[in-house]
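Since the structure comes first, as structure tokens, the remarks are kept for the end.
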Amino acid sequence: MRTDTIQYKEKGGSLSLNPIRQNSLLPSGGKFIESQATESVDVINPATQEVVSHVPLTTSEEFKAAVSAAKQAFPSWRNTPVTTRQRDKLAMNITIEQGKTLKDAQGDVFRGLEVVEHVCGMGTLQMGEYVSNVSSGIDTYSVREPLGVCAGICPFNFPAMIPLWMFPVAVTCGNTFILKPSEKDPGASVMLAKLAMEAGLPDGVLNIVHGTNDVVNAICDDDDVRAISFVGSNNAGMHIYARASAKGKRVQSNMGAKNHAIVMPDANIDAAANALVAAGFGAAGQRCMALSIVVFVGDIKTWENKLAERAKALKVNAGTAPDADLGPVISKQAKERICNLIQSGVESGGRLVLDGRNIVEVVVVMVGRREKMTITEKRGNFVVVHMVGFDHG
């Protein structure tokens, strides 16, 4: 059984790969070890439906070992003084596992590295405050101290950026960390952990576990985990917040969004149309700030044609294709969900200006009354821009 890095090779003008079994970063001399789990989740390339790798569902014993390693590493790590390679490899891995274009994947990595650059100044950011003589003979001061073992639960849509929001900040503040990447695209997190180890991060300071609901619940319930950071869907976020906060943990839960644009009658048509298409269809709509509803004040007909024209010109392909504007959504199930929502909008009276359901990717522009359509109420990631007219007269 292979336990090395994913190997890519050229095959018939496209990239193919040999599926591997991902390893967990657990306390074994600071090395990645093969999980003893009997169950695993397949990581599937959204563009080709090839199996990229197999993610073992971390066993209860392995999860406890990861928490124990983080706990043991914490006392020495908290007192350790604070003191752009591999970008292309990370970006390629993200494109293969998640489906986004290479340009988007490179941005994913770059935005994450901006956080790393920021935390390199943590020595000054951690300074406390001191105020002398606030009252007769009384001075006050504050000291920032690390909490202990912290955990991060990540979504699929930004496999590098969101983990880099989490563990660099936590560990430079003196905490140890348990990172659970999405089971759909864990490769970038594994690569980042290996780079951290090469840079000298001590054993046990950063640990990676894989899994789905059971591992998430274990993170919420474990007494040694002091704080949790989550990014993802509303339902999962509310569950994690309720379950973990009931255990007395600090929880930050960053959940889904429903984003609107309002276009005024005097807006520049070309500039606004370009901005709307980029906001609605960029990253295949799989980001929390993706635009899903546009409200036009005044006439809507001109905008229909402009948006449909711009959307139709988008090139849909595997993310590795140099000219791709859109890659695939993350899974077949995601595409089916999107198509079902579009159909529900049609059945509710919506009119499709551009129907892209029969191509590899789904690019749709829809017009209709918002209050009658289920699609306008759904939060989540899907490549649909819904247009609504508003008469301000």
Just wondering, is there one or more residues in segment 134-144 that are in contact with a helix residue (DSSP H, G or I) (Cβ under 6 Å, 6 or more places away or on another chain), closer than 22 Å to Thr176 by Cβ and open to solvent by 30 Å² or more (accessible area, probe 1.4 Å)?
no
Can you list residue pairs whose Cβ atoms sit under 7 Å apart, with the first residue in segment 250-276 being surrounded by 13 or more Cβ atoms within 10 Å (Cβ to Cβ) and the second being modelled with pLDDT under 95 and among the charged types (D, E, K, R)? Count only pairs 6 or more apart in sequence or on different chains.
Gly256/Arg379; Ala257/Arg379; Lys258/Arg379; Ala273/Lys306; Ala273/Arg310; Asn274/Arg310
Unmet requirement for Phe156, which otherwise passes all of (1) closer than 30 Å to Cys288 by Cβ; (2) loosely packed, with under 12 Cβ neighbours inside 10 Å
(2)
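Determine which member of the set Glu304, Glu309 is within 26 Å of Asp266 (Cα to Cα), open to solvent by less than 10 Å² (accessible area, probe 1.4 Å), among the acidic types (Asp, Glu) and modelled with pLDDT of 65 or more.
Working: Glu309 fails: open to solvent by less than 10 Å² (accessible area, probe 1.4 Å).
Testing whether each residue is within 26 Å of Asp266 (Cα to Cα), open to solvent by less than 10 Å² (accessible area, probe 1.4 Å), among the acidic types (Asp, Glu) and modelled with pLDDT of 65 or more leaves just Glu304.
Which helices (runs of 4 or more DSSP H) sit wholly inside segment 193-291 and have at least 2 residues that are under 19 Å from Arg310 (Cβ atoms), among the aliphatic types (A, V, I, L, M) and in contact with a strand residue (DSSP E or B) (Cβ under 9 Å, 6 or more places away or on another chain)? Quick ask: steps written out before the conclusion?
Details: elements: 213-221, 234-245, 269-281.
It comes to 269-281.
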Is there a residue being open to solvent by 30 Å² or more (accessible area, probe 1.4 Å) and farther than 18 Å from Val67 by Cα anywhere in segment 200-213?
yes
Could you tell me which residue of segment 68-86 is modelled with the highest pLDDT, considering only residues that are of a type in the set (S, T, N, Q) and in contact with a helix residue (DSSP H, G or I) (Cβ under 9 Å, 6 or more places away or on another chain)?
Gln86
Could you tell me which of the residues Gln106, Gln98 is under 27 Å from Asp42 (Cβ atoms) and open to solvent by less than 40 Å² (accessible area, probe 1.4 Å)?
Gln98
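Out of segment 225-249, which residues are open to solvent by 30 Å² or more (accessible area, probe 1.4 Å) and farther than 23 Å from Asn157 by Cα? Walk me through how you get there before you give the answer.
The initial filter retains those residues of segment 225-249 that are open to solvent by 30 Å² or more (accessible area, probe 1.4 Å), namely 226, 233-236, 238-239, 241-243, 245-248.
Matches in segment 225-249: Arg226, Ala242, Arg243, Ser245, Ala246, Lys247, Gly248.
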I'm checking my understanding of the structure. Among residues of segment 30-56 that are polar (S, T, N, Q) and part of a strand (DSSP E or B), which one is least open to solvent (accessible area, probe 1.4 Å)?
Ser53
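Within segment 159-190, take every residue that is among the small types (Gly, Ala, Ser) and assigned to a loop (DSSP other than H, G, I, E, B) and give me the one that is surrounded by the fewest Cβ atoms within 10 Å (Cβ to Cβ). Explain how you work it out, then say what you get.
First, pick out the residues of segment 159-190 that are among the small types (Gly, Ala, Ser): 160, 170, 174, 182, 187-189.
Retained after the next criterion (residues that are assigned to a loop (DSSP other than H, G, I, E, B)): 160, 174, 182.
Numbers: Ala160: 30, Gly174: 21, Ser182: 27.
Top of the filtered list is Gly174.
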Among the candidates Asp299, Asp323, which residue alone is part of a loop (DSSP other than H, G, I, E, B), open to solvent by 60 Å² or more (accessible area, probe 1.4 Å) and in contact with a strand residue (DSSP E or B) (Cβ under 9 Å, 6 or more places away or on another chain)?
Asp299
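The values are calculated or read from the model by the stated rules, or taken from the named source; none is laboratory data. Please read all numbers here as calculations on a predicted model, not as lab measurements. Neighbour counts run over all protein chains shown; Cβ positions are idealised from the backbone, glycine included. We work out accessible area using only protein heavy atoms, side chains counted, and drop any ligands, DNA or RNA first. Shrake-Rupley method; radii C 1.70, N 1.55, O 1.52, S 1.80 Å.
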